[in-house]
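Chemist: Below you'll find the structure I mean.
The values are calculated or read from the model by the stated rules, or taken from the named source; none is laboratory data. What you are looking at is a predicted structure, and each value in this text was computed from that prediction instead of being measured. Here the Cβ positions follow ideal geometry from the backbone for every residue, glycine too, while neighbour counts run over all protein chains shown.
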Amino acid sequence: MDARALLKTGVKAALLAGEEILRIYLTDFHVETKSDNTPVTTADKASGAIIARELASTAIPLISEEDTIAPYEERKNWSRVWLIDPLDGTKEYVKRNGEFAVNIALVENNLPTIGIIYSPILKQIYFGAKGLGSFRITWNTSITELTPDRIADALFEYGHPLPLQITPAVYTMVASRSHLSREINDYLDKLKRLYGEVTLINAGSSIKQCWVAEGKAHEYPRFGKTMEWDTAAGQCILEEAGGALLHFETGQPLTYNKEDLQNPYFVAKRL
């Protein structure tokens, strides 16, 4: 499969997973606590199963938050791998505030080349592929009845190129709704010294990276624990929209399929 075919396959997987996530959202779903003290729901597992099924046709291995991960001795030989978070923002899903998403990324030689982030509640899908650009589709009255297959086949017909707007006149930082910290407050103070007035907006899940890509915010710093499946899709979308997701200390793009799948501190920003 070429990049366009892989992108379409990934988008269809995200949309189908989103349908199931929304179906479960309207029920009295079950919540468990994993060994790392984070929640997992029926929707996380159902979404992961749908995505794995849809991506099986690509014959590319996958790393998913909700599946057993192959040992590094095996993974290090993979030149291509899907990185998946079936339900990014599970805490927000449990709170029922709508700020959750499906993340799917293709990583080639340790860098993301396809990124897909779908917000089922906002009815928005962001997608990008190396060399093809980044786009957003928002469901409206003219496309609301289209099936996942039809949307996947018409990505560039319905997609609007990113960024969608000029960044705000007042410097704007987006931060995690559920992971605020003293470091974030200190960093915000630093930005205020640099730019004067600074607007802070809070949101959950990988949608924060998309807001930077589309021009709604100038940057999104993160000083807490994240995993590779939290950022790979957003990094591709950002890069293709003229932004970047960078290691906070080195200023270099994050890399993926590492032995340790935890990310360093990073900042997503407009360049």
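Chemist: Examine the stretch 109-121 for a residue that is closer than 16 Å to Leu15 by Cα, touching a strand residue (DSSP E or B) at 6+ places or on another chain (Cβ under 8 Å), at pLDDT below 95 and surrounded by fewer than 18 Cβ atoms within 10 Å (Cβ to Cβ), and state whether such a residue exists.
Modeler: For the stretch 109-121, residues closer than 16 Å to Leu15 by Cα, touching a strand residue (DSSP E or B) at 6+ places or on another chain (Cβ under 8 Å), at pLDDT below 95 and surrounded by fewer than 18 Cβ atoms within 10 Å (Cβ to Cβ): absent.
Chemist: For Val174, work out the one condition from (1) assigned to a helix (DSSP H, G or I); (2) surrounded by 15 or more Cβ atoms within 10 Å (Cβ to Cβ) it doesn't fulfil.
Modeler: So the condition that Val174 fails would be (1).
Chemist: Would you call Pro148 of a type outside the set (Ser, Thr, Tyr) and closer than 26 Å to Ala105 by Cα?
Modeler: It is true that Pro148 is of a type outside the set (Ser, Thr, Tyr) and closer than 26 Å to Ala105 by Cα.
Chemist: May I ask you to list pairs of residues, at least six apart or on different chains, whose Cβ atoms are under 7 Å apart, with the first in the stretch 91-119 being at positive phi and the second being outside any helix (DSSP H, G or I) and at pLDDT 95 or above?
Modeler: Correct list of pairs: Asn109/Ser79; Asn110/Thr255; Asn110/Tyr256; Asn110/Asn257.
Chemist: Follow-up. What do you reckon, is Phe156 in contact (Cβ under 8 Å) with a residue 12 or more places away in the chain, among the aromatic types (Phe, Trp, Tyr) and in a strand (DSSP E or B)?
Modeler: In short, no.
Chemist: Let me ask another. Checking Pro61 against (1) touching a residue at least 24 places away in the same chain (Cβ under 8 Å); (2) of a type outside the set (D, E, K, R); (3) surrounded by fewer than 22 Cβ atoms within 10 Å (Cβ to Cβ); (4) within 19 Å of Ala232 (Cα to Cα), which test does it fail?
Modeler: (1)
Chemist: So, in the stretch 1-37, of the ones that are surrounded by 12 or more Cβ atoms within 10 Å (Cβ to Cβ) and among the β-branched types (Val, Ile, Thr), which residue ends up nearest to Tyr118 (Cα to Cα)?
Modeler: Val11
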